[in-house]
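Novice: One structure, pasted below without further comment.
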Amino acid sequence: MKYHPIDRKLFIKNRKNFTEKMESNSLAVFNSNDIYPIGADSTMPFQQARDLFYLSGVDQDKSILVLFPDAPSEKYREMLFLTETNDHIAVWEGEKLTKEKAFETSGIKNVFWLKDFEKVFFEVMTQCETVYFNTNEHYRANVETETREDRFIKWCKEKFPAHKVAKSNPILQRLRSVKDRIELDLMQTACDITEKAFRRALKFVKPGVWEYEIEAEYYHEMIRNRSKGFAYTPIIASGSNANVLHYIENNKQCKEGELILLDTGAEYANYASDLSRTIPVSGKFTKRQKEVYNA
């Protein structure tokens, strides 16, 4: 990852806060996101499931976190399941987490390879009464793709139909709404990167440049400051394009006398920033533009 390592104390604390709100004799499971295909052997860039990242710091696909605070055996109270790396994977995909590196990242001592998941999971499911599933319950969620989490939930219900089911999301929504100091610092870093990118764009903008060129200036500055890029699809809307609520084409030329709405934000370590500003293409507001802007 491009970002600096995050203090694992954050993830240890987050897991403690979560497990304290679980029912007795229950376990919770969190799956990573999939890598989504585009076509042939091409894929979209990987984005980690935010809840899994919040609880473990693991930023890798095909990862599973299991929390079972009342497990009779201590080794089953916190478990990470990861893809076992090898020389072939290292050459084709790059470095993956080892068990030692996973502990350094997450603070979780008990790391298993993914091939052992079903065997270990069967054992712990015989010892618990309730399983927490992590579903997306955001009020604006509109997910048409079956996620890795969806497939796991379907499999688990078929395999263990007698278990009670609970929801992780209500707990996580309350916990994640209050940020730790470490999280605030990560968000501030994202904001600082966004400021640098905005100031770079200010120096670049003039009549005749294209919206996508401004987007490229932003992206350049974000990447060179350890961000993956934009936290969300950027809006670079000049002239009448700013009247479109979510204009994302960014393909028009900026003309003298126009204004540009810039709605952009960098991500950093999976944390987001968001900045909206309106600037004059020519470098100076007209009298009327200044009145509206100041209003």
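The values are calculated or read from the model by the stated rules, or taken from the named source; none is laboratory data. Model, not experiment: these values are computed from the prediction. With ideal geometry, Cβ positions are generated from the backbone for all residues, glycine too; neighbour counts draw on all protein chains shown. Note: accessible area is taken over every heavy atom of the protein model, side chains too, but ligands, DNA and RNA are not part of it. Shrake-Rupley method; radii C 1.70, N 1.55, O 1.52, S 1.80 Å.
Novice: Just read off the accessible area of C191 with the full protein assembly in place, 1.4 Å probe, to the nearest 10 Å².
Specialist: 60
Novice: Quick one: go through the stretch 174-197 and flag any residue whose amide nitrogen is under 17 Å from the point 7 Å out along the Cα-to-Cβ line of H220.
Specialist: Zone members listed by number: 194-197.
Novice: For G265, enumerate residues with amide H under 5 Å from its amide H, sequence gap 5+ or separate chain, H modeled in the peptide plane.
Specialist: Under 5 Å from the amide H of G265: A231, Y232, L275.
Novice: How high is the FRET efficiency from D192 to A162, r the C-beta distance, R0 35 Å, rounded to 0.05?
Specialist: Here the calculated transfer efficiency is 0.10.
Novice: Report ³J(HN,Hα) in whole Hz for each residue of the stretch 166-181, in order, from the Karplus equation J = 6.51 cos²θ - 1.76 cosθ + 1.60 where θ = phi - 60°; Gly and Pro get x.
Specialist: 10, 10, 6, 4, x, 5, 5, 4, 5, 5, 6, 6, 10, 8, 6, 4
Novice: If you rank T19, T98 by how much accessible surface each has, with a 1.4 Å probe, what is the order from largest down?
Specialist: Sorted descending by solvent-accessible area, the residues read T98, T19.
Novice: Could I ask something else about it? For the stretch 140-190, what % of the accessible area comes from carbon and sulfur atoms, probe 1.4 Å?
Specialist: 50
Novice: Enter the accessible area per residue of the chain (Å², integer; probe 1.4 Å; all protein chains in place).
Specialist: With all protein chains present, the chain gives 57 Å² per residue.
Novice: So how strong a dipole does the chain carry about its Cα centre when Lys and Arg Cβ are +1 and Asp and Glu Cβ are -1, to the nearest 20 debye?
Specialist: So the dipole magnitude of the chain works out to roughly 880 debye.
Novice: Continuing with the same structure: I'd like the Karplus ³J(HN,Hα) series for the stretch 277-290: coefficients 6.51, -1.76, 1.60, θ = phi - 60°, whole numbers in Hz, and an x wherever there's a Gly or Pro.
Specialist: So the J values, rounded to whole Hz, are 9, 10, 10, x, 4, 7, x, 8, 6, 6, 4, 5, 4, 5.
Novice: Right, here's the next one. By how many nm would the segment from Q253 to D41 grow when fully extended, if each residue of separation counts as 0.36 nm and the alpha-carbon distance is taken off?
Specialist: Roughly 72.8 nm would be gained on extension.
Novice: Across 10 Å bins from 0, what is the distribution of all Cα-Cα pair distances for the chain, in whole percents?
Specialist: Here the calculated profile for the chain is 6, 23, 28, 21, 13, 7, 2, 0.
Novice: Which longest run of the chain has no exposed loop site in it, a site being GluC sites (Glu not before Pro) in a DSSP loop with at most 16 other beta carbons within 10 Å, and the site itself not part of the run?
Specialist: Answer - 147-248.
Novice: Now, a different point. For the stretch 1-28 and the stretch 112-156, what is the centre-to-centre distance using only Cα atoms, to the nearest Å?
Specialist: Answer, in whole Å: 17.
Novice: Now a separate question. Just for the chain, what percent of DSSP beta bridges are antiparallel, to the closest 5?
Specialist: Antiparallel bridges make up about 70 percent of those DSSP assigns within the chain.
Novice: Now, a different point. When the Cα centres of the stretch 213-290 and the stretch 86-103 are compared, how far apart do they sit, in Å?
Specialist: 37
Novice: OK, next. Stretch M1-Q289 to full length: gain in nm at 0.36 nm per residue minus the Cα-Cα span? Each step should come with its number before you reach the end.
Specialist: Numbers: separation 288, 0.36 × 288 = 103.68 nm, distance 4.27 nm.
Extending this stretch completely gives an extra 99.4 nm.
Novice: For K109 and Y212 in one chain, what is 0.36 nm times their gap in residues minus the Cα-Cα distance, to one decimal in nm?
Specialist: 32.4 nm
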